[in-house]
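Asker: This is the structure I want to talk about, given as structure tokens.
The values are calculated or read from the model by the stated rules, or taken from the named source; none is laboratory data. It should be emphasised that the depicted structure is a prediction, and the values quoted were computed from it without experimental measurement. As a convention, Cβ positions derive from the backbone with ideal geometry for all residues, glycine included, and neighbour counts pool all protein chains shown.
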Amino acid sequence: MDFYQILQIIVPSMIALAAPLIFTALGGVFSERSGVVNIGLEGLMVIGAFVSIVFNLTFAEQLGALTPWVSILVAMVAAMIFSLLHALASITFRADQTVSGVAINLLAVGLSLFLVKKIYDKGQTDIIKQTFDKIDIPILSDIPVIGPIFFSNGYYISYIAILLAILVWYIIYKTPFGLRLRSVGEHPMAADTMGINVYKMRYVGVILSGALGGIGGAVHALTVTLDFSHSTINGQGFMAIAAMIFGKWHPIGAMGAGLFFGLAQSLSIVGAQLPFFSEIPPVYLLIAPYILTIIALAGFIGRADAPKASGHPYIKGKR
């Protein structure tokens with residue numbers, strides 16, 4: 001197996017595994033740019049994964065090939081509603097945002113596993129039959145050399161995640177909405193004096209983080225695990241937070257970090273097929289993504305500055 005063949009195995013797997021992290025990290029960017037720390041991204045991914053799988057299993061016969069796409073939309077709405085709990089606690093009641101996020105994580109896992117047991121009378125759901133098909137992107141996959149590596153044997157939803165990162169960059173840095181969002185995360189009092197509704201913008205930021213976190217969880221469940229259990233979302237939300245920080249709260253940076261962590265995850269899954277990695281004990285490959293996450297944060301978090309008002313509740317008229 002030559003190097004080119006190795007890339008044809010690793011890169012599509014990397015992009016597929018990075019997509020859930022990119023969606024969720026972009027959600028984190030929206031929330032933190034508005035000034036609200038959202039540790040609950042893991043829980044929002046859990047809700048998205050749970051709802052998407054249950055919806056898929058329930059309506060697969062009626063919706064056919066559309067089932068995965070509709071499942072993602074339903075998961076997005078469910079996670080948006082769930083994120084309102086974090087918004088209510090951290091913005092309206094000015095609770096500690098970290099504690100609220102942790103509570104969201106615990107509630108999401110407990111509630112979803114309880115409902116799985118109630119609905120299916122076992123600890124996990126059945127395997128879904130309606131999944132995303134792997135495709136070759138028309139025209140792009142025919143490009144010599146890079147086409148078979150980057151645009152073949154992938155999922156449309158994975159490429160949508162990359163395009164969305166560019167769109168989010170444009171929204172945050174090139175539109176009036178993005179300017180208002182960043183202003184309430186940097187200096188909410190100044191934004192308030194300019195007539196910007198700080199509470200409204202922060203609610204929007206948290207709800208958008210819920211929407212994208214739910215999509216991230218749904219994409220992971222529908223493309224990787226194909227069912228829901230206690231281990232479906234197993235640290236991916238925290239890896240997305242790490243990608244957001246590693247990317248310095250910038251959409252393109254978060255996408256790049258998501259691809260980096262996706263590469264680490266892909267090596268842990270497809271490593272057994274590769275000449276060099278097949279000699280490494282599997283347990284080392286399994287823990288590699290989390291070790292790389294710690295190394296990345298240890299090396300770069302000190303150089304990355306969060307939005308100045310991130311984590312600080314806003315009280316109108318108070319400095």
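Asker: Please indicate, with yes or no, whether at least one residue in region 286-298 is modelled with pLDDT of 90 or more and surrounded by fewer than 23 Cβ atoms within 10 Å (Cβ to Cβ).
Answerer: No, that holds for no residue.
Asker: Please specify each residue of region 265-287 satisfying the condition of being farther than 11 Å from residue 13 by Cβ and in a helix (DSSP H, G or I).
Answerer: Hits for region 265-287 are 272, 277, 278, 279, 282, 283, 284, 285, 286, 287.
Asker: Whether any residue in region 5-12 is at pLDDT below 95, crowded, with 22+ Cβ neighbours inside 10 Å and either assigned to a helix (DSSP H, G or I) or among the hydrophobic types (A, V, I, L, M, F, W, C) (or both) is what I want to check.
Answerer: yes
Asker: Right, here's the next one. Applying the selection to region 127-138, what residues are exposed (fewer than 14 other Cβ atoms within 10 Å of the Cβ) and within 13 Å of residue 54 (Cα to Cα)?
Answerer: Across region 127-138, the qualifying residues are 127, 129.
Asker: Further, regarding this structure: Would you mind stating whether residue 108 is part of a helix (DSSP H, G or I), in contact with an Asp or Glu (Cβ under 8 Å, 6 or more places away or on another chain) and either at pLDDT 95 or above or acidic (Asp, Glu) (or both)?
Answerer: Criteria met by residue 108.
Asker: Please pick out the residue among 209, 229 that is of a type outside the set (Val, Ile, Thr), touching a Phe, Trp or Tyr at 6+ places or on another chain (Cβ under 7 Å) and either within 22 Å of residue 48 (Cβ to Cβ) or surrounded by fewer than 24 Cβ atoms within 10 Å (Cβ to Cβ) (or both).
Answerer: 209
Asker: Separate question: Here are the criteria: (1) surrounded by 13 or more Cβ atoms within 10 Å (Cβ to Cβ); (2) out of contact with any Phe, Trp or Tyr (no Cβ under 7 Å at 6 or more places or on another chain); (3) within 21 Å of residue 256 (Cβ to Cβ). Tell me which single one residue 185 does not satisfy.
Answerer: (3)
Asker: I've got another one for you. Check 281, 275 and return the single one that is exposed (fewer than 12 other Cβ atoms within 10 Å of the Cβ), at pLDDT below 75 and more than 25 Å from residue 33 (Cα to Cα).
Answerer: 275
Asker: Determine whether residue 71 is touching a residue at least 24 places away in the same chain (Cβ under 8 Å), under 17 Å from residue 225 (Cβ atoms) and of a type in the set (Ser, Thr, Tyr).
Answerer: yes
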